[in-house]
Amino acid sequence: MSGAGPATRGAAGFRLRRHGPLATGLTLILLLAGVALVSLVWTPFPPSKMQIMHKLKPPFEVGLLGTDQYGRDVLSMLMAGAWNSLSIALFAVALGAGIGVVIGLAAAAWRGVLETVTMRGCDVIFAVPPILSAMMLGAFIGPGRWTAIFAIATFMVPVFTRITVGAARQVWTRDFILAARAAGKGALLISWQHVLPNIVGPIIVQVTIQLGLAILTEAGLSFLGLGLPPPAPSWGRMLAESQTFLRVAPWLAILPGLAVALSVLGFNLIGDGLRDRLDPRQRGHA
Amino acid sequence: MIILMVRRFVGLLLTLLAVSTLIFLVMALLPGDPAAIMLGTSASADTLAALRQQLGLDQPLLLRYLQWLGGVLQGDLGQSHTYGVPVAGLIIERLAVTLPLAAMAILLSVLIALPLGVTAAAKRNGLVDLAATLFAQAGIAVPAFWMGLLLILLFSMQLGWTPAGGFPGWRAGSFAAVHALLLPALALALPQASVLTRVTRTAVLDVLDEDFVRAARAKGLSRRAALWRHAVPNAMVPVVTMLGLQFTFLVAGAVLIENVFNLPGLGRLAYQALSQRDIVVMQDVVLFFAALVIVVNFLVDLSYLWLDPRLRSEKAFS
C-alpha cells in the first residue's frame, strides 16, 4: 500500500494551512503582474480596437472572453487594465508609504507636540475618503492618472504614519536604542539605523494590504470617471459601462469585477501570510 | 468622567475645525479658477466677474475663510450654482436617502457578522469557522459597487424580486422605500460584514481564554450562556472600534452604490455636482461627509466608556 499514513497526511494538511494562503496569494499576484507586463507588448487584439459588427458577443464566440458594446476584445481590455490598475496602485502606495513612514519615524523620535499634532492630523485626513478627495482634485485638475494616485496616496499617509508611530515607539524603549544614544548618535541616525530596520516587517505587511485597497479604490474612482480617461482601458470604467448592458451582456459586468476581486484577494492573502510568518503569536487568531 | 468627556468634546471640535480648514484650503489653493470651472469655457468676462464677486473670490483668502466658516456655523452653506437653491436644504433632502441606506447597511452587516463571528469562534476549526474565514477573505476583496451589480443581476434581472434601481421617495410609503433600499444596503453590508466577522471571531476567541469565562462555566452556566452573557459583551470593544473605522469606507461605498442604483442621495449629489462642476455643492458635501465620519468616531470613542467600565478612569485614555 502507500506510505501516506495519518502522520504524513497531517503534516501535509498542516503545511497547507500554514503556507496555503501565502502561496495562493503569491500565485495570484505573480499572475496579475505577469499579465500586466505582457499587456505592454502583446494583447490578443489592440485593446481599444473597435469592431462594431462583433459587438456584445459572449465569451468564446469572439475572442476568449467576448466583446463589449463597441466590439472591443474584453480579454485585451482586461489585460491592459491590469497594467493601469497595478501601476496606479504601486505608485500610490509607494508615495503614501514613503511619506507616512518618514512622518511616523519623526513623530516617534521627537514625541511631544509633534506626535500629538501628527496623530490628530491623521484623524483629519482619515475622515476624507479617497473617493471624495479625488472628486475635489478631479474638479480642478481633471480626472486622470495623477488625480487617482494623489487621492489614494493621501489616504494612505495616515495609515502608514499610525503603523510606524506605533511600532517605532516600542522600538525606542529597547535597550539597544539606549546604547545607541549613549554612543552619541542623534535621533535622525538612530531612526534610520536602528528603528527602521526593526519595524520593516509590519510596514511590508501593511504595504501588501494597502496595495489591495488601492486597487479597490482605483476601480471605484474609474467607475465614477475619476480615473484614467478613455480610451485607456480600466476595470472600473468597464464596470461602469457594463451597467447599460446588464441584461444582454452580463459577462461585461462579471469579468472586470472578478479581476478586481482576485487581485485584492491576492494581496490580502500575501499580507496575512506574511503577518503570520513575522508574528507567530497571531497565528490562527486573526 | 465628566472632565474626560469635556476633553474629548473639545478634541472633537478642534478636529472638525481642522478638517473644515483643510477642505477650504485645498479647494482654495488648487490651481484653477472656480468661477471659470463652473461656467465653462464659453462664459463672457462679465458673467465670470459677476460670479467671482458672488462667490467672494475677489476678497482676500483669510476673509473668505472666516466668512465661509461663519456661514457654515450658522447653517448657511452657500447657494448651489446649478440648482439655484441653498446647499443646506439640498443636503437635508438627500440625507433622507443616504442616512437610512447607511443605517440599514450597518444593521445588516451586524446581523450577519455577529452570529457568524461568534459561532466561528465558539466552534473553532469547525465548518462554520471555515465558512466564516472564506467569507471574510472574499468579502474584503469584493468592491461594494460590483457586489451591487451582481445583486442586480441576480435579484432584479433573474428573479425579479427587487427594483434594479431608483427610489420612489418616502411619500410612496415606507415599504416601497425600504424595498428600494434593500439591495443597495445589502451590497454595502456584505463587504462590511466580512471585516466585522473577522474582528468578532478574533475578539471572542481572545475573551474565551479569560478567567471570568472559566469562572462562569465553573459556577454552572452552560457553554452557550457563558458565551453570550459573558464572552460576547466583553468582546464588543474591538467590534465597535472596527464599526467606527469602517464608517469611512461605508461613506465611500455609499457614494458608489448610490450611483449604481441611481439613488438620489448625498453621494449621487456629490457626483452630479462634480459633473456639473458645481464646486460649492461639492465642497459642502465633502465637508459634511468628513464631519459625519469624525462625529461617528467620536461616538465610538464614547461608547467604550459604556461598553467597558474599566476605561472610565482618567488614566486609560491619556
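Would you tell me the mean number of C-beta atoms belonging to other protein chains that fall within 10 Å of each C-beta in A:137-145, as a whole number?
Details: counts 2, 3, 14, 11, 3, 2, 1, 0, 0.
The per-residue average across the peptide is 4.
Can you bin every Cα-Cα distance in segment B:86-162 into 10 Å intervals starting at zero and give me the percent of pairs per bin, rounded to whole numbers?
16, 29, 33, 17, 5, 1
If you find the alpha carbon centre of segment A:40-117 and of segment B:172-230, how far apart are they in angstrom?
When both Cα centres are located, 35 Å separates them.
With point charges of +1 on the Cβ of Lys and Arg and -1 on the Cβ of Asp and Glu, referenced to the Cα centre of chain A, which listed residue (A:212, A:189, A:97) lies farthest in the positive direction of the dipole?
A:189
Compute the relative contact order of segment B:196-318 as a whole-number percentage, counting only Cα pairs closer than 8 Å that sit 6 or more residues apart in sequence. Walk me through the intermediate numbers first.
On the way: 81 pairs, mean separation 28.3, N = 123.
Over segment B:196-318, the number comes to 23 percent.
Would you mind giving the three semi-axes, in whole Å and largest first, of the ellipsoid equivalent to segment A:184-286 according to its Cα gyration tensor?
Values: eigenvalues 311, 69, 10 Å².
Three semi-axes, in Å: 39, 19, 7.
Could you please state, rounded to a whole Å, how far the C-alpha centre of segment A:164-186 is from the C-alpha centre of segment B:7-80?
One Cα centre to the other: 45 Å.
Based on the Cα gyration tensor of segment A:229-272, what are the three equivalent ellipsoid semi-axes, each the root of five times an eigenvalue, rounded to whole Å and given largest first?
Details: eigenvalues 116, 35, 6 Å².
That gives 24, 13, 6 Å for the three semi-axes.
Stokes-Einstein D for chain A at 37 °C, 0.692 mPa s, Kirkwood Rh over Cα pairs, in µm²/s?
Working: Rh = 21.2 Å.
D = 155 µm²/s.
In sequence order, what are the phi-derived ³J(HN,Hα) couplings for segment B:79-93 according to the Karplus relation 6.51 cos²θ - 1.76 cosθ + 1.60 with θ = phi - 60°, rounded to whole Hz, with x for glycine and proline?
Result, rounded to whole Hz: 9, 6, 6, 7, 8, x, 10, x, 5, 4, x, 4, 5, 4, 4.
Ranking request for peptides A:64-72, B:265-273: highest mean number of other beta-carbon atoms within 10 Å first, then the rest in descending order.
Details: A:64-72: 19.4, B:265-273: 24.7.
Ranking the peptides A:64-72, B:265-273 by packing returns B:265-273, A:64-72.
Hey, rough spin-label estimate for residue A:48 and residue B:215, points 7 angstrom out along Cα→Cβ, what's it come to in nanometres?
6.9
Give me the net charge of residue A:108's neighbourhood, meaning all other residues with Cβ under 9 Å from the Cβ of residue A:108; Lys, Arg count +1, Asp, Glu -1. Could you put the intermediate results ahead of the total?
Numbers: positive: A:111, A:169; negative: A:115.
My count for the surroundings of residue A:108 gives +1.
Given the rule -39500 (n - 2.57) for each run of at least 4 DSSP H residues, summed and divided by the residues of chain A, what is its mean residue ellipticity at 222 nm, to the nearest 500 deg cm²/dmol?
Details: 10 runs with 204 residues, N = 286.
It comes out at -24500 deg cm²/dmol, rounded to the nearest 500.
Apply the a/c threshold of 1.5 to the C-alpha gyration tensor of chain B and tell me whether it is rounded, prolate or oblate. Walk me through the intermediate numbers first.
Working: a/c = 2.95, a/b = 1.60, b/c = 1.85.
Note, shape of chain B comes out oblate.
Quantify how strongly other chains surround peptide B:247-257 by giving the mean number of their Cβ atoms within 10 Å of each of its Cβ atoms.
Details: counts 2, 8, 6, 1, 5, 10, 3, 2, 6, 8, 0.
Mean number of neighbouring Cβ atoms from other chains: 5.
List the residue ranges in chain A for DSSP H helices whose C-alpha atoms run 30 angstrom or more along the long axis and whose Kyte-Doolittle average is -0.5 or above. Display every interim value, and only then the final one.
On the way: long enough: A:6-41 (49 Å, 0.99); A:74-110 (53 Å, 1.84); A:145-172 (38 Å, 0.93); A:196-223 (39 Å, 1.43); A:251-278 (40 Å, 1.13).
Helices meeting the span and hydropathy rule in chain A are A:6-41, A:74-110, A:145-172, A:196-223, A:251-278.
How charged is the neighbourhood of residue A:123? Take every other residue with its Cβ under 14 Å from the Cβ of residue A:123, and add Lys/Arg as +1 and Asp/Glu as -1. Please report the intermediate quantities before stating the final value.
Values: positive: A:120, A:162, B:8; negative: A:115, B:301.
Within the 14 Å Cβ shell, the charges total +1.
Can you tally the net charge around residue B:229? Count Lys and Arg as +1, Asp and Glu as -1, for every other residue whose Cβ sits under 15 Å from the Cβ of residue B:229. Intermediate results must be reported in sequence, preceding the final value.
Numbers: positive: B:214, B:217, B:219, B:223, B:224; negative: B:210.
Result for the neighbourhood of residue B:229: +4.
Compare A:232, A:180, A:33 in a GNM of chain A, Cα atoms joined below 10 Å, and give the one with the largest fluctuation.
The residue with the greatest mean-square fluctuation here is A:180.
Which value in deg cm²/dmol, rounded to the nearest 500, describes the helix-derived mean residue ellipticity at 222 nm for chain B, given -39,500 (n - 2.57) per DSSP H run of n ≥ 4 and division by the residue count? Working shown, then result.
Values: 14 runs with 226 residues, N = 318.
Only helices count here, giving -23500 deg cm²/dmol.
Sort the protein assembly as shown into rounded, prolate or oblate with this rule: let a ≥ b ≥ c be the square roots of the eigenvalues of the Cα gyration tensor; rounded if a/c is under 1.5, and if a/c is not under 1.5, prolate when a/b is larger than b/c, oblate otherwise.
Numbers: a/c = 1.40, a/b = 1.13, b/c = 1.23.
Cα axes put the protein assembly as shown in the rounded bin.
Can you compute the modelled spin-label distance between residue B:44 and residue B:10, with each label point 7 Å from Cα toward Cβ, in nm?
Here the modelled spin labels are 5.6 nm apart.
With springs only between Cα atoms under 10 Å, which of A:181, A:275, A:162 fluctuates most in a Gaussian network model of chain A?
Sorting by GNM fluctuation, first place goes to A:181.
Just so you know, all these numbers are worked out from the coordinates, no wet-lab data involved. It should be emphasised that the depicted structure is a prediction, and the values quoted were computed from it without experimental measurement. Neighbour counts are summed over all protein chains in view; Cβ atoms, including those assigned to glycine, are modelled from backbone coordinates with ideal geometry.
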